[in-house]
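Working notes for the structure below.
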């Protein structure tokens, strides 16, 4: 959903525009959403069949986030097909920092997501605490699809 949220130079689209884009994408026969956007959940929750939560430890999430952010900054990669680039000043020393966002939201999300999913009658099918669990499950799905 981040690709629908951000315009060039880290300008956010308005919430109604984002909700419309997400609702349109969720009309496809097969779709997947990544991220938690409670403010626009009515745009896609009704069409969801599963919720798969990668509930990894904060230390792992931060390690991966720093590594990925540094790589994109070093290579001057753009994100989301826009002119958005990583900026170390923003990443390290800003209230808009992705690192700060991750740290400040991790525990809150762990507390709130199960209740939000339950209230909205979404089946929380999988909750993976480690990448190895996720990888094992993906392998099982791939094997099952080959057998069909």
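Brief remarks on what is shown
- Residue that is surrounded by the fewest Cβ atoms within 10 Å (Cβ to Cβ) [pool: residues in the stretch 91-104 that are closer than 17 Å to residue 67 by Cβ and more than 17 Å from the chain's Cα centre (by Cα)]: 92
- Flag for residue 31 being part of a loop (DSSP other than H, G, I, E, B), touching a helix residue (DSSP H, G or I) at 6+ places or on another chain (Cβ under 9 Å) and either free of Cβ contacts under 8 Å to residues at least 24 places away in the same chain or surrounded by 13 or more Cβ atoms within 10 Å (Cβ to Cβ) (or both): yes
- Scanning the stretch 1-21 for residues that are at pLDDT below 90 and assigned to a helix (DSSP H, G or I) yields a total of 7.
- Residue under evaluation residue 81, criteria (1) touching a helix residue (DSSP H, G or I) at 6+ places or on another chain (Cβ under 9 Å); (2) surrounded by 11 or more Cβ atoms within 10 Å (Cβ to Cβ), criterion not met: (2)
- Every pair of residues 6+ apart whose Cβ atoms lie under 9 Å, when the first sits in the stretch 61-83 and is at negative phi and part of a loop (DSSP other than H, G, I, E, B) while the second is surrounded by fewer than 12 Cβ atoms within 10 Å (Cβ to Cβ) and at pLDDT 90 or above: 77/71
The values are calculated or read from the model by the stated rules, or taken from the named source; none is laboratory data. Owing to the predicted nature of the structure, the values given are computational and were not obtained by experimental measurement. Neighbour counts are summed over all protein chains in view; Cβ atoms, including those assigned to glycine, are modelled from backbone coordinates with ideal geometry.
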